[in-house]
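This report concerns only the one structure given below.
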Amino acid sequence: MTDNHTSVTLGTRGSALARWQTNHISQLLQGVWPELTLQVEVFTTQGDRIVDRPLPLLGGKGLFTAELETALRSRTIDLAVHSLKDLPTENPPDLILGAIPEREAANDVLVSRNGYTLKSLPHGALIGTSSRRRAAQLLHRRPDIHALDIRGNVDTRIRKALDPATMFDAIILASAGIERLEQSAVISDVLPLDVVLPAPGQGALGVQCRNEAQSINLLAPINHNPTHITVTAERAFLAGLGGGCLLPIAAYAVIEGDTLRVRGRVNAVDGSTEVNVHLEGTADLETAEALGHELAQMALGRGVAALLENVR
């Protein structure tokens, strides 16, 4: 393992899902380093504190990660566990993404107390989501529906979806979070990837650490290289378009044999326009980064530059 490094503190947000994710990383580490003593420190982030305003109005990426990054720098914690889709694409120079374990399903799903699917949702249905990406893709396919902002952690949002007193006909969430909380019974429709493409990195966890050999060596055994390659391509697409605070940006990559296939999608906020792009190349980290950036340039040339101008 690493010299004199028998105790490690992991930082996490306080939601049930965040705690599950941190426990999962703890178990992976314990399996590799059985002599390790693991502790957990819980943090409340800005995104957790402000629940009455839509996420895009609060500044988007970094809302759920900044406090954990500060704790890493001050050495209050040694590792920070994130949902990778919440982590900004730019790592600060003193921090690094030390491990990305194997990804879970990246699909989005509907939760509806009436069992509605995307096809069976009534005309003018009210859908709860805090994600512009999800809302825009749904609106592109069902212009009649209305997307309303819904905040709160996964279990809170599920409760709202199932409560007959609320206005929502359905809400849309990531499959991975619901599966991790063992609540898959509430899913009324799994949305195919060609219908709703996920956020870059959706379904994957990222373990952030200080850019030091000790921490990097500690995390190396729990990194899943195929997942690392695919999410690198997706996040490079997002970075190439400027980080994704302004427009709904989606991406998904898969490895088939030695080939990496990357899809990107950008929508107008109201769903009226959709730009789809795809590329393929060799399945390695360097190519993944380059493909993601090339895909972003392709998207910009196919109408995304004009969409960005409109929202600015």
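The values are calculated or read from the model by the stated rules, or taken from the named source; none is laboratory data. As the structure is a computational prediction, the values presented were derived from the model and not from experiment. In this analysis, Cβ positions are derived from the backbone assuming ideal geometry, glycine residues included, and neighbour counts consider all displayed protein chains. The area values use the complete protein model at the heavy-atom level, side chains included, leaving out ligands, DNA and RNA. Shrake-Rupley method; radii C 1.70, N 1.55, O 1.52, S 1.80 Å.
Listed values, structure above:
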{"quantity": "Options V266, V195, G242, ranked by Cα towards positive dipole end of segment 179-267, top entry (Cβ charges)", "calculated": "G242"}
{"quantity": "Top positive-direction residue, dipole computed over the chain with Cβ charges, set G31, L162, G257", "calculated": "L162"}
{"quantity": "Long-range HN-HN contacts of A125 with modeled amide H, under 5 Å", "calculated": "H146"}
{"quantity": "Amide H within-cut-off set for D108, under 5 Å, with H built and near neighbours excluded", "calculated": "S175, L191"}
{"quantity": "Amide H contacts of G98 (H built 1.01 Å from N, under 5 Å, at least 5 apart or other chain)", "calculated": "V207, Q208, C209"}
{"quantity": "Spatial separation of Cα centroids for segment 81-116 and segment 174-228, in angstrom", "calculated": "5"}
{"quantity": "Segment 175-312, dipole about Cα centre (Lys/Arg Cβ +1, Asp/Glu Cβ -1), debye to the nearest 20", "calculated": "300"}
{"quantity": "Area of H278 that stays accessible when all protein chains are in place (1.4 Å probe, Å², to 10)", "calculated": "130"}
{"quantity": "Cα-based helix-to-principal-axis angle, 132-141 vs the chain, degrees rounded to 10", "calculated": "30"}
{"quantity": "Expected 222 nm ellipticity per residue - DSSP helices of 4 or more, -39500 (n - 2.57), all of the chain, to 500", "calculated": "-9500 deg cm²/dmol"}
{"quantity": "Hz values of 3J(HN,Hα) by residue in segment 18-25 - Karplus curve (6.51, -1.76, 1.60), Gly and Pro given as x", "calculated": "4, 5, 4, 4, 5, 4, 4, 5"}
{"quantity": "Projected label distance in nm at D270 and A213, using a 7 Å step from Cα toward the beta-carbon", "calculated": "5.8"}
{"quantity": "Neighbour net charge for V42 - beta-carbon separation under 9 angstrom, K R +1, D E -1", "calculated": "+1"}
{"quantity": "T282 versus R159: modelled label distance in nm, points set 7 Å from Cα along the beta carbon direction", "calculated": "5.2"}
{"quantity": "Residue order for M167, M298 - accessible surface, 1.4 angstrom probe, largest first", "calculated": "M167, M298"}
{"quantity": "The chain - Debye-derived log10 I(q)/I(0), Cα point model, q = 0.07, 0.10, 0.13 Å⁻¹", "calculated": "-0.27, -0.56, -0.95"}
{"quantity": "Whole-Hz ³J(HN,Hα) from phi, Karplus 6.51 cos²θ - 1.76 cosθ + 1.60, for segment 167-177, glycine and proline x", "calculated": "7, 6, 7, 6, 10, 10, 9, 6, 4, 4, x"}
{"quantity": "Residue-by-residue Karplus 3J(HN,Hα) for segment 265-281, coefficients 6.51, -1.76, 1.60, Hz, glycine and proline x", "calculated": "8, 10, 10, 5, 4, 8, x, 5, 10, 9, 10, 10, 9, 8, 8, 9, x"}
{"quantity": "Acute angle (nearest 10 degrees) that the helix 285-299 long axis makes with the longest principal axis of the chain, alpha-carbon atoms", "calculated": "20"}
{"quantity": "Residue (of T282, L295, A125) at the positive-pole extreme of the chain, dipole from beta-carbon charges", "calculated": "A125"}
{"quantity": "Dipole magnitude (debye, nearest 20) for the chain, charges at Cβ of Lys, Arg, Asp, Glu", "calculated": "960"}
{"quantity": "Nearest-20 debye value, segment 226-304 charge dipole, Cβ charges on Lys, Arg, Asp, Glu", "calculated": "260"}
{"quantity": "E182/A306 FRET efficiency (R0 45 Å; Cβ-Cβ; nearest 0.05)", "calculated": "0.55"}
{"quantity": "Rounded FRET efficiency, nearest 0.05, which uses the C-beta distance separating D94 from T9 and R0 of 25 Å", "calculated": "0.90"}
